[in-house]
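This is the structure, below, for whatever I ask next.
The values are calculated or read from the model by the stated rules, or taken from the named source; none is laboratory data. All values derive from a computational prediction rather than experimental measurement. Neighbour counts run over all protein chains shown; Cβ positions are idealised from the backbone, glycine included. Keep in mind that these areas ignore ligands, DNA and RNA; they rest on the heavy atoms of the full protein, side chains included. Shrake-Rupley method; radii C 1.70, N 1.55, O 1.52, S 1.80 Å.
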Amino acid sequence: MGAAGGTISPDRILHDMADLWVSLGKQGEGDAGVLRACSMTLVVAAEESDDAQAIGETLAALMPEHPSRAIVIRFRAGDRRELAARVFSQCWMPFGQRQQICCEQIEITASDASLPDLPPVVLPLTVPDLPVILWCRSPRLFQLPAFSQLAAIAQKIVLDSASFSDPAAALKEMSGAVVAGRVLGDLSWTRLTRWRELIAQIFENRGQLANLPIVSDVLISHRGTATPVTAYYLAAWLLDGLEKVGARARVQFHADGGDPAWRLDSVELRTADKPDAIASISLAAGTCAEVRAGGLLSMALLPVLNDYALMREELSIPGRDPAFEHAFAAAARLAVS
């Protein structure tokens, strides 16, 4: 079901969705029926060249835990105004049950020139009284002047600063969006959850906790040549925690080269009077990390998260994330210092 041409009608798309549910209901007759589920509207802005199958698989995996009306907008570069749309469903059947649970998905293809025409189309398609999350998968789209009009319909914009070519410039552009009143989420911050958990676990030990006020240096090693946003976030989070216990630490970044450029290799906390780090975490083989503290070595899992795992965690906070916002502001300052 769909529409094509220079413009598309939200009413037509809503009519197509109503027909879709009638069709799904008929298919479920004689069985346990079909249950409609929705907790938000998830708008995905992606390049036409982005892997459509991968996006679809990610959305399908997210639906059981974060059921949503998904609106996927695929953009192509061009000066000609072009819009087209189609409607379909994502369904799954919970284990041990006979009733299907379904969510709607709307796919819109658009040219860059049509970006200013999209807000009046997308806004009527959002589910009333539920959060609207905009997942922007492309730095180029985020940087288009007209993107702010589409962003205005969302309560939160989710980006991945690791996809920007210049980390410091990415933080500057994101800061501009924050100044304009946008609420942001960054998958680069989400990637740090396990790092932060491991660091926090080290200092659950009272003996290690007593060392925090005397930490003088934080050393963060990373892949690539430019300091990635993940490193700035981790440094900001650590410096804030250390300042709260009276430490006045310096941070140093070290580039190890290699790919992916955003990945961290290690973090060390040092004191001025000891040659070795009082605590460190470093990547080992595969998805393992070596955790050293108090003269002891332990191993921990530090997996590389895919889009599904990152968005699954990010969507669990549909509004403001105070911890991220505080770290983001400090990271933006670090990037220009």
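For a bin width of 5 Å, list the pair-distance distribution of the stretch 62-133 built from all Cα-Cα distances, rounded to whole %.
3, 14, 22, 20, 15, 12, 7, 4, 2, 1, 0
Work out, step by step, the length gained on full extension between Val245 and Ser163: first 0.36 nm times the residue separation, then minus their alpha carbon distance; give nm to one decimal.
Net length gain for the segment: 26.1 nm.
Taking the Cβ-Cβ separation of Arg36 and Arg320 as r and a Förster radius of 41 Å, what is the calculated FRET efficiency to the nearest 0.05?
Values: r = 29 Å, r/R0 = 0.70.
The computed FRET efficiency comes out at 0.90.
Let me ask another. Counting Lys and Arg as +1 and Asp and Glu as -1, what is the net charge of the other residues whose Cβ lies under 10 Å from the Cβ of Ile278?
Local net charge: +1.
Taking the Cα centre of the chain as the origin and placing charges on Cβ (Lys, Arg +1; Asp, Glu -1), which of Thr109, Ile317, Met40 is farthest toward the positive end of the dipole?
Of Thr109, Ile317, Met40, it is Ile317.
Also: Could you work out the relative contact order of the stretch 63-179? I mean the mean sequence separation of Cα pairs under 8 Å and 6+ apart, divided by the number of residues, in percent.
On the way: 155 pairs, mean separation 25.7, N = 117.
Over the stretch 63-179, the number comes to 22 percent.
Right, another one. What is the calculated FRET efficiency for His15 to Glu65, with r their C-beta to C-beta distance and R₀ = 35 Å, to the nearest 0.05?
Efficiency at R0 = 35 Å is approximately 0.75.
Hand me the GluC sites (Glu not before Pro) from the stretch 147-227 located in a DSSP loop with no more than 10 other Cβ atoms within 10 Å, in residue order please.
Glu204
Dividing the convex hull volume of the Cα atoms of the stretch 188-337 by its residue count, what figure in Å³ per residue is obtained?
In the stretch 188-337, the Cα convex hull volume per residue is 120 Å³.
Which Rg and Dmax, in Å, describe the Cα atoms of the chain?
Considering the chain through its Cα atoms, Rg and Dmax are 22.9, 76 Å.
Under 8 Å for C-alpha pairs, at least 6 residues apart: give me the relative contact order for the stretch 203-337, rounded to a whole percent.
25 percent
Let me ask something else. Roughly what would the spin-label model give for Val22 and Val127, points 7 Å off Cα along C-beta, in nm?
So the two model labels end up 2.2 nm from each other.
Could you pull out every one of the lysines with an alpha carbon less than 25 Å from that of Lys172, ignoring same-chain neighbours closer than 8 positions?
Lys172 reaches Lys156.
Select from the stretch 221-261 those trypsin sites (Lys or Arg not before Pro) which occupy a DSSP coil region and have at most 11 other Cβ atoms within 10 Å, ordered by residue number. All intermediate terms of the calculation are to be shown ahead of the outcome.
Numbers: sites: Arg223, Lys244, Arg248, Arg250; in loops: Arg223, Arg248.
Filter output for the stretch 221-261: Arg248.
For the pair Tyr308 and Ala84, what calculated FRET efficiency results from E = 1/(1 + (r/R0)^6), where r is the Cβ-Cβ distance and R0 = 22 Å, to the nearest 0.05?
0.25
Over all Cα pairs of the stretch 68-212, how is the pair count split among 10 Å bins, expressed in % and running from 0 up to the last occupied bin?
9, 30, 28, 18, 10, 4, 0
Could you provide, to the nearest whole Å², the per residue accessible area of the chain with probe 1.4 Å?
On the way: 15780 Å² over 337 residues.
About 47 Å² of surface per residue is accessible.
What accessible area, in Å² to the nearest ten, does a 1.4 Å probe give for Met299?
Estimated to the nearest 10 Å², Met299 gives 110 Å².
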